Amino acid sequence: MKQKELGRNERMYYMDRDKRNNELLTFALDIGTRSVVGILGSLDKDIIRIHYSDMQFQTKRAMYDGQIHDIEGVVEVVKEVKKSLEDKAGVKLKKVAIAAAGRALKTSRLTIERELDESEAIDKHFVRSIEIEGLQEAQMKLEKNSLDASQYFCVGHTVVNYYLNDILIKNPTGHKSKKISVDILATFLPYAVVDSLYSVMKKVGLEVSFMTLEPIAAISVAVPQNVRLLNIALVDIGAGTSDIAITRDGSVIAYDMASTAGDEITEAIVQNFLVDFDSAEIVKCSLHKTETQSFQDVIGMEHKYESEDILEKIQPAIELVVKDIADRIIVQNGRAPSAIFLIGGGSQIPRLPELLAKKLGMPTERVAVRGIETIKGLDHEELVVAGPEGITPVGILAKTLEYHDIDFIEITVNGRGIKLFQSRQLKVSDALVLAEFNPRDLIQKKGTTLNLIINGKKTMYFGEYGEAAKIYVGNKEAHLDTTIADGDVIKIDPAKAGQDAVRCLNDIIDFASGFYLNGRWVNRVQNVTVNGRRESTGRNLDNNDEVVFNEISTVSDLCNFMKIDYDKYTILMGNKKVSKNTKITDNVYISVERKALIDKSKYDEKNAKTEEDEDCIYVMYNGAPLKIVKNKEQLIFVDIFDSIDFDRSKVKGKLVLTHNGQPANYTSPLNDNDVIVIKWEK
């Protein structure tokens, strides 16, 4: 444990000098539900030395489950501890290091989902933005459900699982998917806990120089950094609650609290042996020290019992505490951890470690009680508390000597000032949780996708990518993982969306593609409709528009378009006869002739050539050959009505007029071998 080098003035900010020994002392205070422990210590190279300590019991029920309920009641006890230490050290204490109770922490677990563009790979910044959004939702959920409208600091979080398309995956970065889900476990500290601790310190004339969380302080000395790579559960069994912290891969991943602890054991002794609560507390604390216990019951009778007999009577209460602790560990860790370290006064109750190991199916030796004697580099002769009860106060001192960090930092995000709880090295992403910045504004956005249905097939056209968000800390460009410090000014320019996808008919249909049919140009694409109606090729299409068209790609398509029977016609592409499956290439010349037209004798008398009318043309009319006598140099489409029996005076439906497969124009030239369709369509 290396103390950071500080100048004299900076050191004096955190420490007070022992006038008699000329030592620089740090004041650490552990405010518990039953007692308040104060320590004056220093760091001598790698040795933590405890110079003075004091413990005073809470005379009133001023605290419940780590939360101060009676500020004045706690002030009285803290004043006693402070005065005792000042008298011992001969110094006026001005600065103090404190810790918020782990039992005051609130843990929230939730799953957040987002739809994705499955054509794009997921990057790490996108994943971080989802985590930030999840933390914001968890915080809002806590504050909404809080009975006292409390606000919360996020003191830590871990991602339990990632899912892509509902399938578990270890790391989504680089993958593609339609949907991502993130299962997040977040821990929050109520502002009220911090505010009440500050109020007490102010009333006793102390300035808070350092603040941490009790589980973090305890872990710093009970679970060394190199051990935190393992899956360890630290359980602080106090009077009212059992606080749990779990480590894995070098960091604390979860906090929790079991609502049963030492008081359940004490109450079991009260009920079984008819003693008052204080006497029962003394018996409980002596069970691990002596083989026999002597006490007087409420009637006044003296009793002497073997400790084992007492333990046999109260084992159901011990098992209840064990069950609650085991259940909470499983909830947070998903399984039994590699090892469990027990601290706090309640951890010394005989049988408890063995029963906890059995409950979790672990080897007995992997559930161990950790006392201050297990802390390396600690001179604790002057410490008034021993064993596992001294872990937390020593941890607060050790954390203070190690870091000297301030408890809160104040920064500005886009002009808004916010305060962050600094239990670890903070990053830009931590600031965004409290700044209420929408994490979706961090991600480079595509323009709106255009969805079309083209000939029955759903087709998506993606918008263009916009600009990614730009993050600055001070005047330097930064990112979500950039570390931040007190006074930093963070500016974020939100991501800009790209251009929306825009398409018109010309973009999705090649209207220029076509071929020559009997000397006339025919477009390959025919009968184009949008939502059932003919549309201009230049209009921008709307989302979910349905585009339908026929495409002449093969000879078979051509026959369908012309409504002719392939077997009754001779179809040539260039000079070569082609089959029904032959593909029609662009700009090719195609000739279609009815095989019967070659034998002129098959025409009826009405259509037969005469010597007077040698000049005539032959067309296909409604699938049958028709001879039209030329009465002028160039016939036009409307002239066909002189040679057919078709009544246009009475409307019998929709009039269909096509000329070589295209909508007819009355003034278009009429030539030999043209294909004409004229009919009423209902």
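Derivation of every value follows stated rules applied to the coordinates shown; laboratory data play no part. Just so we're clear, the structure is a prediction, and the values are computed from it rather than from any experiment. For neighbour counting, all protein chains shown are included, and Cβ atoms are generated from backbone atoms with ideal geometry for every residue, glycine included.
Summary of computed values
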{"read-out": "Relative contact order (percent, whole number), region 542-583, Cα cutoff 8 Å, 6+ residue spacing", "value": "43 percent"}
{"read-out": "Residue (of SER259, HIS157, MET211) at the positive-pole extreme of the chain, dipole from beta-carbon charges", "value": "HIS157"}
{"read-out": "Calculated FRET efficiency for the pair ASP195/HIS479, C-beta based, R₀ 30 Å, to 0.05", "value": "0.35"}
{"read-out": "Computed magnitude of the charge dipole of the chain (debye, nearest 20; Cβ of K, R +1, Cβ of D, E -1)", "value": "1880 debye"}
{"read-out": "Contact order relative to length of the chain, as percent, for alpha carbon pairs under 8 angstrom and 6 or more apart", "value": "10 percent"}
{"read-out": "Gain in span if fully extended, ILE617 to ILE508, counting 0.36 nm per residue against the direct Cα distance", "value": "35.3 nm"}
{"read-out": "Residues THR449 and SER553, FRET efficiency given R0 of 22 Å [Cβ-Cβ distance, rounded to 0.05]", "value": "0.15"}
{"read-out": "Reference-scaled alpha-carbon Rg (2.2 N^0.38 Å with N residues) for region 505-598", "value": "1.24"}
{"read-out": "Relative frequency of Cα-Cα separations exceeding 49 Å in the chain, percent", "value": "44 percent"}
{"read-out": "Mean residue ellipticity (222 nm) of the chain, computed from DSSP H runs ≥ 4 via -39,500 (n - 2.57), nearest 500", "value": "-7500 deg cm²/dmol"}
{"read-out": "Bridge type composition, the chain - antiparallel percent by DSSP, nearest 5", "value": "80 percent"}
{"read-out": "Crossing angle, helix 307-333 versus the chain [Cα axis fit, 0-90 degrees, rounded to tens]", "value": "30 degrees"}
{"read-out": "Cα→Cβ-extended label distance, 7 Å offset, between ASN671 and ASN531, nm", "value": "4.0 nm"}
{"read-out": "Sparsely packed trypsin sites (Lys or Arg not before Pro) within region 492-534, loop by DSSP, other Cβ within 10 Å at most 13", "value": "ARG534"}
{"read-out": "Positive-end residue of GLY653, ALA104, ILE349, charge dipole of the chain with Cβ unit charges", "value": "GLY653"}
{"read-out": "Added length on full extension, which subtracts the Cα-Cα distance from 0.36 nm per residue, HIS175 to GLU302", "value": "38.4 nm"}
{"read-out": "C-alpha center-to-center spacing [region 342-392, region 425-459] in angstrom", "value": "49 Å"}
{"read-out": "Relative contact order [Cα under 8 Å, 6+ residues apart], region 158-307, whole percent", "value": "12 percent"}
{"read-out": "Nitroxide proxy distance, nm - points 7 Å out along Cα→Cβ at LYS496 and GLN425", "value": "3.4 nm"}
{"read-out": "Label point distance in nm, ASP486-ASP249, each placed 7 Å from Cα along Cα→Cβ", "value": "3.2 nm"}
{"read-out": "For region 241-375, Kirkwood radius (reciprocal of mean inverse C-alpha pair distance, Å)", "value": "15.8 Å"}
{"read-out": "Computed E for GLU319/GLU467 - FRET, C-beta separation, R0 56 angstrom, nearest 0.05", "value": "0.35"}
{"read-out": "Lysine-lysine proximity count for region 335-469, Cα under 27 Å, sequence distance 8 or more or distinct chains", "value": "9"}
